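First up is the structure itself, then whatever we jot down about it.
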Amino acid sequence: NTQVKKVDAMHPDMDIMREAGEIIRQGGLVGFPTETVYGLGADALLPEGAKRIYAAKGRPSDNPLIVHIADFEALKKITSYIPPQAKALADAFWPGPLTMIFQKSDAVPYETTGGLDTVAVRMPSHPTALALIREGGGYIAAPSANTSGRPSPTLAEHVYEDLKGKIPMILDGGAVGIGIESTIIDLSEEIPMILRPGYITKEMLSEVIGEVKDDPGFASADPNVHPKAPGMKYRHYAPKANLTIVSGEAGAVIERINALTQEHQQKGEKVGIICTDESRSQYVGDVIKSTGSRQDEDSIAQHLYAILRDFDDMDVDVIFSESFATPRIGHAIMNRLLKAAGHQVIEV
Ligand code: TXA
Ligand code: MG
């Protein structure tokens, strides 16, 4: 039986937080909001905690977890070396949606790191997440709180949908702010390397530590090019309906999606469309979903996963999506969308 506790995201009720922290200390699991997506938390220093996470998510146990901390000092116990660049990045972006990879100390069990000698660490900015970390003993391992293979949850309802009956508690702090997972950076390379793109962009990182490169593995459609973050090798999420991205000048995209829609409707298929407020009224699909205004990149990131989930609950046969290669976080958004589409793109 899973209890869902509503919390004021900015000022969570401390009685609830102590109760949630107690579950974590006992080795149990709690679903909780962060500023990126909802996480599924366990004590990162207890091997049983990580094992329960893998079991609840149905996640392969070679896919390491991110350890969440509430203050910079906490890094010392779980890492064996803190490079100067990490301090600079922490000063600039922590608390916030940035995860850094460190050499781990003996305090971190291999269950948490999927057998690796490195550990991924993030200090979230969400007050409920910070309170849970403090009440739970200071170190919370947390992947996104979805069943493996589904989109990451951006609402407590998504967590409930995937994990009801499998975890004792979900903290419901409402919709998350960002909507896509944290940026992951590996500082062990000669040139620091982004393992997963996110809200903190390459440009933002470069301003603090100089040259930064992308892991060629995360963006590749080629299954033989292996990403360095083990989790980025999984297809991650494939919608039930076949998803294709149509990319190009706005008018041409609308025209092509409408032509494709008619083709599929003539075969008796139901067509879903992912678009923006600006183009919405011009489509003829069966289910049309907008990510918000094209001018508002943040809104696109916030709504994308929920839209993909919604389509899984409806019996559409094919989905066509506009491309969202917007200036700042478009790179991170397209990384998720391209994977969901299995890299099927029509250029018009
Ligand atoms: O925004 C986020 O990061 C969310 C919230 C809950 O904080 N968490 C999240 O966790 O996205 P998860 O487990 O869904 O994704 C973690 C990613 C995986 O791709 C994993 O392979 C990678 O981080 N990772 C973890 N530890 C690593 C390590 N030591 N070396 C390389 N990649 C690592
Ligand atoms: Mg995940």
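All of the numbers you see were taken from the coordinates with simple rules; none came from a lab. Just so it is clear, the structure is predicted and the values come from calculations on it, not from any experiment. Please note: Cβ atoms are built from the backbone with ideal geometry, for glycine as well, and neighbour counts cover all protein chains shown.
Mean sequence separation of contacting Cα pairs (under 8 Å, at least six apart), scaled by the length of region 277-348, corresponds to a relative contact order of 21 percent. The simple spin-label model puts a point 7 Å past each Cα toward its Cβ; for GLU255 and ASP310 those points are separated by 2.9 nm.
Taking the helices alone, the chain has a mean residue ellipticity at 222 nm of -9500 deg cm²/dmol, built from -39,500 (n - 2.57) per DSSP H run of at least 4 residues and averaged over all its residues. Taking Cα atoms only, the orientation of helix 297-312 departs from the longest principal axis of the chain by about 80 degrees. With bins 10 Å wide beginning at 0, the percent of Cα pairs of region 156-264 falling in each bin runs 11, 24, 29, 29, 7, 0.
Comparing region 202-264 with the 2.2 N^0.38 Å rule of thumb, its C-alpha radius of gyration ratio is 1.66 (two decimals).
For the listed peptides 220-226, 253-259, a ranking on the average number of other beta carbons within 10 Å per residue, highest first, reads 253-259, 220-226. With Cβ to Cβ distances under 14 Å as the rule, what net charge do the other residues near ILE185 carry (K, R +1; D, E -1)? Once all neighbours under 14 Å are counted, the net charge is -3. Against the chain, whose longest principal axis comes from its Cα atoms, helix 250-266 is set at around 80 degrees.
Beta bridges from DSSP with both residues in the chain: antiparallel share about 35 percent, rounded to the nearest 5. Phi-derived couplings, Karplus 6.51 cos²θ - 1.76 cosθ + 1.60 at θ = phi - 60°, listed residue by residue for region 192-203: x, 10, 7, 8, 8, x, x, 5, 7, 8, 4, 4 Hz, with x used for Gly and Pro.
In this structure the amide hydrogen of SER105, modeled in the peptide plane, comes within under 5 Å of the amide hydrogens of THR79, SER80, none closer than 5 places in sequence on its chain. Close amide H pairs (under 5 Å, H built 1.01 Å from N) link ALA44 with TYR139, ILE140, ALA141, residues at least 5 positions away or on another chain.
An ellipsoid equivalent to region 1-147, defined through the eigenvalues of its Cα gyration tensor, has semi-axes of 22, 19, 13 Å when rounded to whole angstrom and sorted largest first. Both radii are taken from the alpha-carbon atoms of the chain; with Rh as the Kirkwood radius, Rg/Rh is 0.98. Taking every pair of alpha-carbon atoms in region 78-171, give the share separated by more than 23 Å as a whole percent. Everything past 23 Å amounts to 35 percent. Near LYS6, the amide H atoms lying under 5 Å from its own belong to ASP172; only residues 5 or more places off or on other chains count, and H is placed 1.01 Å from N. The mean sequence separation of alpha-carbon pairs under 8 Å and at least six residues apart, normalised by the residue count of the chain, gives a relative contact order of 19 percent. When both bridge partners sit in region 48-196, DSSP labels roughly 60% of those beta bridges antiparallel. Ordering of 136-145, 167-176 by packing is 136-145, 167-176, highest average first (other Cβ atoms within 10 Å, averaged per residue). In order along region 169-176, the phi-based Karplus estimate (6.51 cos²θ - 1.76 cosθ + 1.60, θ = phi - 60°) of 3J(HN,Hα) comes to 8, 10, 8, 9, x, x, 5, 6 Hz; Gly and Pro are listed as x. Using θ = phi - 60° in the Karplus curve 6.51 cos²θ - 1.76 cosθ + 1.60, the 3J(HN,Hα) couplings for region 43-52 round to 4, 6, 9, 9, x, 5, x, 4, 4, 5 Hz; x is entered for Gly and Pro.
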